[in-house]
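Reviewing the structure listed below.
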Amino acid sequence: MPIDLRSDTITVPTPAMRQAMASAEVGDDVFGDDPTVLKLEARVAELLGKEASLFTVSGTMANQLALRSHTESGDEILVDANAHIYYYETGGPAALAGVMCRCLPGVRGIFTAADVEAALRPADQHFPPTKLVCIENTHNRGGGSIWPLETLREVAEVSRRHGLRMHLDGARLWNASIATGIAERDYAAHFDSVSVCFSKGLGAPVGSALCGSREFIQRARRFRKMFGGGMRQAGIIAAGALHALEHHRARLAEDHTNARTLADGLSLLPGIELDPASVQTNLVFMRVRKLPAAALTAALEKAGVRVLALGPETIRAVTNMTVTAAEIGETITSAKRILES
Ligand code: TLP
């Protein structure tokens with residue numbers, strides 16, 4: 001089996017999770033009678049400190065439902081230029097909500113209250129109405145960076161003052177909470193809506209959730225149906241998500257330790273540019289100087305290690321529950337052999 005560090009989305013259900021899924025009570029969730037989905041939605045809402053939540057097939061769907069539910073066509077949203085919502089969701093904001101994205105210059109995905117204020121324009125018929133600020137925590141292309149709570153609070157304060165709503169892409173909020181000890185609900189308190197994923201570090205096969213007020217989730221539910229995301233006996237996958245929530249959150253700390261070990265080891269190799277101190281969670285980004293990133297990725301693949309080349313010089317490695325501490329050591333050894341040859 002290759003050591004798979006391409007993403008934490010590659011995780012597969014454990015035997016105990018499969019057991020929970022196999023024995024899940026189910027019903028037709030479009031009629032609102034799948035007890036396992038209802039249980040998951042209640043549990044997620046409770047964890048995030050919100051009134052309600054909605055189970056969705058993916059993080060992308062949860063984010064896009066949030067945009068669609070908060071805005072009208074022709075509105076503007078403020079988002080970091082490297083945010084998943086803008087960078088990786090196939091033009092969804094334009095196609096599905098019909099909104100314009102105004103990109104903010106985040107540093108490792110983190111922008112400031114001053115950036116928000118600088119992007120705002122007076123109400124005038126020339127300008128699109130700005131409605132929503134989107135934040136990603138942890139930030140994927142920011143290298144798994146964690147938003148400092150104080151910066152987040154300042155952004156929220158300025159946004160509220162200008163009547164803007166706030167959405168959190170919390171695909172990896174679980175990682176932020178384990179790393180900082182700040183509860184998910186304490187981050188979520190600053191937002192009108194939050195999306196979270198079960199199928200990344202938590203290891204469930206499918207699923208995400210969108211959380212918010214009861215009224216907001218009711219609106220999102222209608223759009224979920226419109227987007228073709230109404231699921232029937234979804235309790236089978238919701239059971240995997242519930243199992244993941246209860247059993248796999250604390251273990252994310254292992255992924256973080258492995259990421260730091262990997263970063264420490266790789267940073268010493270010739271031709272790798274990587275500051276281990278920048279690794280806060282389970283994502284390790286590095287620049288490759290000696291050879292193209294794609295060439296190093298291909299050589300690693302031959303050695304049984306999978307990583308992703310995200311650009312001509314950039315490689316991402318994501319620690320996850322399928323990769324052990326010993327395999328992190330093997331990864332460093334393989335990279336060393338390739339780079340020193
Ligand atoms: N991220 C994936 C890819 O799409 C890039 C990955 O391998 O990291 N928000 C964030 C912050 C994400 O990183 C992702 C997935 C999503 C949303 C979307 O989740 P899915 O894949 O469930 O649509």
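Calculated [222 nm] ellipticity per residue, helices only, for the chain: -12000 deg cm²/dmol; basis is -39500 (n - 2.57) per DSSP H run with n ≥ 4, divided by all residues, nearest 500.
When Rg and Dmax are taken over the Cα atoms of the stretch 251-340, they come to 11.8, 35 Å.
Spacing of the modelled spin labels on D264 and D33, each 7 Å from Cα toward Cβ, amounts to 5.7 nm.
H126 contributes about 150 Å² of solvent-accessible surface, heavy atoms of the protein only, 1.4 Å probe.
Among M166, M1, the order of accessible area from largest down is M1, M166, computed with a 1.4 Å probe on protein heavy atoms. The portion of the accessible surface of the chain made up by carbon and sulfur, rounded to a whole percent, is 54 (1.4 Å probe; DNA, RNA and ligands excluded). Rounded to the nearest whole Hz, the Karplus-based 3J(HN,Hα) values (6.51 cos²θ - 1.76 cosθ + 1.60, θ = phi - 60°) of the stretch 284-295 follow the sequence 10, 9, 9, 9, 10, 9, 7, 8, x, 4, 5, 5, with x at glycine and proline.
With the gyration tensor restricted to C-alpha atoms of the chain, the semi-axes of the equivalent ellipsoid amount to 33, 27, 17 Å, longest first.
Each label was represented as a point 7 Å from its Cα along the Cα-to-Cβ direction; for A114 and A16 these points are 4.8 nm apart.
Sorting C103, C211 by solvent-accessible area of protein heavy atoms yields C103, C211, largest first, with a 1.4 Å probe.
Residues L168, L242, L310 ordered from highest to lowest accessible area at a 1.4 Å probe: L310, L242, L168. Solvent-accessible area per residue in the chain equals 42 Å², computed with a 1.4 angstrom probe and all protein chains kept. Rounded to the nearest 5, what % of the DSSP beta bridges within the stretch 134-236 are antiparallel ones? That works out to approximately 40 percent antiparallel.
The values are calculated or read from the model by the stated rules, or taken from the named source; none is laboratory data. Quick caveat, the model's predicted, so the values are computed rather than measured. Positions of Cβ are backbone-derived with ideal geometry, glycine not excepted, and every protein chain shown enters the neighbour counts. Areas reflect the complete protein model, heavy atoms only, side chains present, ligands, DNA and RNA absent. Shrake-Rupley method; radii C 1.70, N 1.55, O 1.52, S 1.80 Å.
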